[in-house]
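Here you go, one structure.
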Amino acid sequence: MKSIFNSKSRGNSRGALKQLGPLEQGLLEALWSRGTATVRELLQDGYQDLAYTTVMTTLDRLYKKNLLTREAEGRAFRYAPRVTREELHREVAGEAFRQLLDASPAASLPLSYLVEILTDRDAQLLDSLRELVESKRRELRNRESANRRDSTDRASANRASANKETE
């Protein structure tokens, strides 16, 4: 999956995502609920205690972090979320796991912590993890099997082509 964050939203180390501040989170939530909005519409919908320029600057920051799109509408912009709430959560969680795995010399250590946390939280989560792992293994086996068939088919075609050339 292509990262939803542009390179400017990453720090020097691979995968360091900037956290969203409370106002950024609130405005993003409002846009997920509304679909699209201008600064003025957001101010009318519950952010009237903030200055117009504060909301405008915050939306511009979210746009520069590649989380919003915007289209000119008169002298203002209409903003819309570039990603769904689920896509953002998936990207952030994935980045956290990558950082965790990168931080440990042995990948099994953070994985064992994950299993412990899941067990403490809810044993059903451990069953869900097992099902996800088994599903991913099946997917990988099917992909490997298809790749082997493709390479065998190409080799057979190359041999047939070579045999025709020698005749």
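Report, ordered by the first and then the second residue, all pairs with beta carbons closer than 9 Å, sequence separation of six or more or different chains, a first member in the stretch 85-106 that is farther than 25 Å from residue 24 by Cα, and a second member that is basic (Lys, Arg).
From residues that are farther than 25 Å from residue 24 by Cα, the pairs are 102/14.
Restricting attention to the stretch 23-57, which residues are part of a helix (DSSP H, G or I), in contact with a helix residue (DSSP H, G or I) (Cβ under 8 Å, 6 or more places away or on another chain), more than 21 Å from residue 91 (Cα to Cα) and not acidic (Asp, Glu)?
Once the filter is applied, which keeps residues that are part of a helix (DSSP H, G or I), in contact with a helix residue (DSSP H, G or I) (Cβ under 8 Å, 6 or more places away or on another chain), more than 21 Å from residue 91 (Cα to Cα) and not acidic (Asp, Glu), the stretch 23-57 yields 34, 39, 40, 42, 43, 52, 54, 55, 56.
Is there a residue being surrounded by fewer than 10 Cβ atoms within 10 Å (Cβ to Cβ) and over 23 Å from the mean Cα position of the chain (by Cα) anywhere in the stretch 90-107?
The answer is yes, given that some residue of the stretch 90-107 is surrounded by fewer than 10 Cβ atoms within 10 Å (Cβ to Cβ) and over 23 Å from the mean Cα position of the chain (by Cα).
Of all residues in the stretch 62-82, which are surrounded by fewer than 18 Cβ atoms within 10 Å (Cβ to Cβ), under 16 Å from residue 25 (Cα atoms) and not polar (S, T, N, Q)?
Of everything in the stretch 62-82, those that are surrounded by fewer than 18 Cβ atoms within 10 Å (Cβ to Cβ), under 16 Å from residue 25 (Cα atoms) and not polar (S, T, N, Q) turn out to be 63, 64, 80, 82.
Inside the stretch 64-167, counting only helices (runs of 4 or more DSSP H) that do not spill past its ends, which hold 2 or more residues that are under 30 Å from residue 35 (Cβ atoms)?
Helices (runs of 4 or more DSSP H) meeting the threshold: 85-103.
Of 13, 3, which residue is of a type in the set (S, T, N, Q), touching a helix residue (DSSP H, G or I) at 6+ places or on another chain (Cβ under 9 Å), modelled with pLDDT under 95 and within 26 Å of residue 129 (Cβ to Cβ)?
Only one candidate passes the filter, namely 3.
So residue 73 clears everything in (1) modelled with pLDDT under 90; (2) in contact with a Ser or Thr (Cβ under 9 Å, 6 or more places away or on another chain); (3) over 24 Å from residue 19 (Cα atoms) except one condition, right? Which one?
Every listed condition holds for residue 73 apart from (1).
The values are calculated or read from the model by the stated rules, or taken from the named source; none is laboratory data. Every value quoted in this text rests on a predicted model; they were computed, and no experiment measured them. Here the Cβ is made from the backbone with ideal geometry for all residues, glycine too, and neighbour counts use every protein chain on show.
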